[in-house]
Amino acid sequence: MLMNHFLASPILRGLVAIFAATLVLAAFVAADMPERQRQLSEERLDILSLAAGKRAELESAVTKHLQVSTAFASLISVRGFLSDREFEEVARAMENQAPSMRNLGVAHGTVIQQVYPLPGNEAILGVDYRDLPNQWAQVEQAILNREPVMAGPLHLVQGGNGLIQRAPIFSPDGKTFMGVISLVLNSDQLFGSIGFNDQGRVDFAVAKVLPGLKSEEIIYGRPLAATMDPIRLTVKAPGAQWVLLAVPKDGWGHSAAENLWRLAVQVLVSLLVGLAIGALLSYLHRLQAALRQLETQKNQLSEAQRVAQMGHFEWVPRYSTMEWSEQLFAILGQEVRPGPMLADDFWRVIHPDDRATVAEALQRVMLEASKVSHSIRILRIGGGQRWCLLTLIRPEGVPLTGAEIHLVGTLTDITERHQEDEERRRMVQRLHRSNEELQQFAWVASHNIQEPLRMIGSYLQLLERRYGPKLDDDARAFIGFATRGAKRMQNLIIDLLAYSRLTSDDGPMEAVDLSELLDRTRSHLGDALGPPDVTLTAGPLPTVMGWPDQLESVLQNLIINAVQYRDHARPLEISIDAERNGPQWQIRVRDNGQGIDAAFHQQIFKIFSRLSADFETEGTGIGLALCRRIIERHGGTIWVESQAGEGATFCFTLPPVR
């Protein structure tokens, strides 16, 4: 209770966080004292290590560039002087190997004969080094010492500073002087490639030792570096004496700013620790609230399971133990018991005939990490049997093997639902038998009714032939009415029989070529399309999935409907075409007949619905209803697009061939 009160008070949590931050800061200050001493002693060693690395890079870069001229001198010594074209090719290759090279010259003897690049340097061709006092000293030194000599850096006429190396050329036996290789390097680019200009904490400079004067001249870098007690490292360069200087950017002994920065960081870290402790205490407070909410949700879940008659469990197959919820005990008709339950306790309540099903489901879930559900029977302890839905799940991330594997399952009492399903199944069976009996009745009734109708029609025709001359006009009209009525009654029975038989199984669908089906329909219609003013045309028609006889009945009824309701003031034109409409084919049957008012577009597809009440007009009112039923059995829809006096277009959709 005291801890709960403490966590619930923001003031107390804040005081604890401030106290913790103070302790952390004090620990930082105490621990930092020897660190400052160590830093002062190691600062110079650190810069020495950096300077040594830069010296190695500088020596490597200088050696790499200067080896180019040495290699060129060796090439000429062995092969002799190159032609201008060969010289240019070799110089271009050397330029790729030595990116800091400004130009390259070759003197035959002491006279300059070749230079690269030539543009801008034509004036030095034919010049004798002996006529150049400021350069002859280095050339003569290289010849006498038989080794390269480096001069500079010097300010170049082309701009920037440059290093000049003179490499003598002797014959392979070393007895004959052949000439001099002169290589000019861009010193700014060379030193810059080492990284001396990087914005780091150390300033670097390169000084040239002046022989005899015991002094140095800064040739690259910060001029004041020589006056700041720098780290001094001798640089080994062929034909030159250089010294690499390195000093801290802020000078030696200027670490106060860094110490202040370290102190600021320590204060910041202390504050962060205090804030973290405060956040942790707040988190503990929220965690307690979440635990209370979790307990509330657990109670709500238990109540929801009680209402839904659903219990859950966790199953650890390795230890054969299960954790049951309270509602699971209630479903099984047992009293709630503490502690884990044994798996055998669960197996005993499963109906013996369903245990194999549960075992198979358990094996599948353990191997495939799937969700499996089965309806099983449960034997309650107090007696009686209940139908339950068992669902087994292996949570994601749980391995297939090992001690960690466990399953989660639910058991829902579905006894009432199972009884309702059984009753529904029995009703469906009774309905199926009733439909079969009704179809049989319709078939028998139609045949029994058609026989007297045929007899009535036959005797009326016999009466008309035998006594026609003796009858007056009214009697003959009455006989005609009776004959047509009998014929219409017979057609009505035939259509009703066809309508009722659509519920029967016609077997699987097959591919139906509508073009061939239309040709067959033409031949079956015969005289209906015989008048010269009746024209039936069709565009390309697709192959669809369906029952051929039923689709022929659709085409036949739509064509007969167009003939029956034609406009006798103009020739009848019927056209049939098709187009793809999404996943289905849309078929259109157009005519230029009487048309249909929009108010009757839905009514015409109802059974026994006829727009004309004229007894003389043929038709039973079943044809379009039959068409709709057939199209719907094919998974499509049928509708009409028409206005009175403007003809009609009947549209229906059919599935394509799969």
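The values are calculated or read from the model by the stated rules, or taken from the named source; none is laboratory data. Just so it is clear, the structure is predicted and the values come from calculations on it, not from any experiment. Because the Cβ atoms are built from the backbone with ideal geometry, glycine has one as well, and the counts that use them run over all protein chains shown. Surface accessibility is based on the protein's heavy atoms, side chains included, excluding ligands, DNA and RNA. Shrake-Rupley method; radii C 1.70, N 1.55, O 1.52, S 1.80 Å.
Can you compute 3J(HN,Hα) from phi for each residue in the stretch 419-425, using the Karplus curve 6.51 cos²θ - 1.76 cosθ + 1.60 with θ = phi - 60°, rounded to whole Hz and x for Gly and Pro?
Rounded to whole hertz, the list is 5, 5, 4, 5, 5, 5, 5.
For Phe204, which sequence-distant residues (separation of 5 or more, or a different chain) have an amide H within less than 5 Å of its own amide H, given hydrogens modelled in the peptide plane?
Under 5 Å from the amide H of Phe204 lie the amide H atoms of Arg222, each far enough along the sequence or on another chain.
In whole Hz, with x marking every Gly and Pro, tabulate ³J(HN,Hα) for the stretch 575-588 from phi via Karplus 6.51 cos²θ - 1.76 cosθ + 1.60, θ = phi - 60°.
Per-residue couplings from phi come out as 10, 10, 9, 8, 8, 7, 10, x, x, 10, 8, 10, 9, 10 Hz.
Counting only other residues whose beta carbon sits under 15 Å from that of Val657, what net charge do I get with K and R as +1, D and E as -1? Provide the component values of the computation, followed by the final result.
Working: positive: Arg580, Arg658; negative: Glu510, Asp513, Glu516.
Every neighbour counted, the sum reads -1.
Starting from the 7 Å offset along Cα-to-Cβ, what nm value, one decimal, do you get for the label separation of Glu423 and Asp353?
So the two model labels end up 2.2 nm from each other.
What order do you get for 345-358, 537-550, 56-69 when each peptide is scored by the mean count of other beta carbon atoms within 10 Å, highest first? All intermediate terms of the calculation are to be shown ahead of the outcome.
On the way: 345-358: 14.8, 537-550: 16.4, 56-69: 18.1.
Result, highest mean first: 56-69, 537-550, 345-358.
I'd like to check one number: the per residue accessible area of the stretch 515-611, probe 1.4 Å, reported in Å² as a whole number. Write down the numbers at each step before the final one.
Working: 4920 Å² over 97 residues.
Per-residue accessible area for the stretch 515-611 comes out at 51 Å².
Greater than 23 Å separation of Cα atoms is the criterion. Which listed pairs, Lys64/Lys214; Lys54/Lys249; Lys54/Lys236; Lys208/Lys236; Lys214/Lys236, meet it? Write down the numbers at each step before the final one.
Values: Lys64/Lys214 29 Å; Lys54/Lys249 16 Å; Lys54/Lys236 13 Å; Lys208/Lys236 12 Å; Lys214/Lys236 18 Å.
Beyond 23 Å: Lys64/Lys214.
For Ala528 and Arg465, FRET efficiency with R0 = 22 Å and r from the beta-carbon atoms, rounded to 0.05?
0.25
Rounded to the nearest 10 Å², what accessible area does Tyr565 have for a 1.4 Å probe in the complete protein model?
Probe radius 1.4 Å; accessible area of Tyr565 about 60 Å².
Tell me, what ³J(HN,Hα) does each residue in the stretch 563-574 have, in order and in whole Hz, if you take phi through Karplus 6.51 cos²θ - 1.76 cosθ + 1.60 with θ = phi - 60° and put x for Gly and Pro?
5, 5, 10, 6, 9, 5, 7, 8, x, 8, 10, 10
Describe numerically, in nm with one decimal, the distance between label points set 7 Å from Cα along Cα→Cβ at Cys651 and at Arg222.
8.5
With a 1.4 Å probe and all protein chains kept in place, how do Leu407, Leu471 rank by accessible area, largest first?
Details: Leu407 0, Leu471 50 Å².
If we order Leu407, Leu471 from most to least accessible, we get Leu471, Leu407.
Which shape class, rounded, prolate or oblate, goes with the stretch 94-234 when its Cα gyration tensor gives a ≥ b ≥ c as root eigenvalues, a/c under 1.5 marks rounded, and past that a/b bigger than b/c marks prolate?
Values: a/c = 2.28, a/b = 1.69, b/c = 1.35.
Verdict is prolate for the stretch 94-234.
Give the long-range amide H neighbours of Val657: residues separated by 5 or more places, or on another chain, with amide H under 5 Å away, using H modelled in the peptide plane at 1.01 Å from N.
Met545
Taking R0 as 25 Å, what's the FRET efficiency between Asp84 and Asn145 from their Cβ-Cβ distance, rounded to 0.05? All intermediate terms of the calculation are to be shown ahead of the outcome.
On the way: r = 30 Å, r/R0 = 1.19.
Efficiency for this residue pair is about 0.25.
Quick one: net charge around Gln556, please, counting Lys, Arg +1 and Asp, Glu -1 for every other residue with C-beta under 11 Å from its C-beta.
Neighbourhood net charge equals 0.
Cβ under 13 Å from Pro230's Cβ, Pro230 left aside: what net charge do those residues give with Lys, Arg +1 and Asp, Glu -1?
Numbers: positive: Arg44, Lys54, Arg55, Arg222, Arg232, Lys249; negative: Asp203, Glu216, Asp229.
Net charge in that neighbourhood comes out at +3.
Starting from the Cα of Lys606, step 7 Å toward the Cβ, then list every residue of the stretch 558-573 with an amide N under 13 Å from that point.
None, by backbone N distance to the label point.
Counting only protein chains, not ligands or nucleic acids, how are Thr296, Thr321 ordered by accessible area (probe 1.4 Å), most first? Intermediate values should be presented prior to the final figure.
On the way: Thr296 70, Thr321 40 Å².
Highest to lowest solvent-accessible surface, that is Thr296, Thr321.
Name the residues whose placed amide hydrogens come within less than 5 Å of the amide hydrogen of Val372, ignoring near sequence neighbours (fewer than 5 apart) on the same chain.
Distant-sequence amide H within range of Val372: Leu392.
At a Förster radius of 45 Å, what calculated FRET efficiency corresponds to the Cβ-Cβ distance of Leu389 and Leu15, to the nearest 0.05?
Details: r = 56 Å, r/R0 = 1.25.
Computed FRET efficiency for Leu389 and Leu15 comes out at 0.20.
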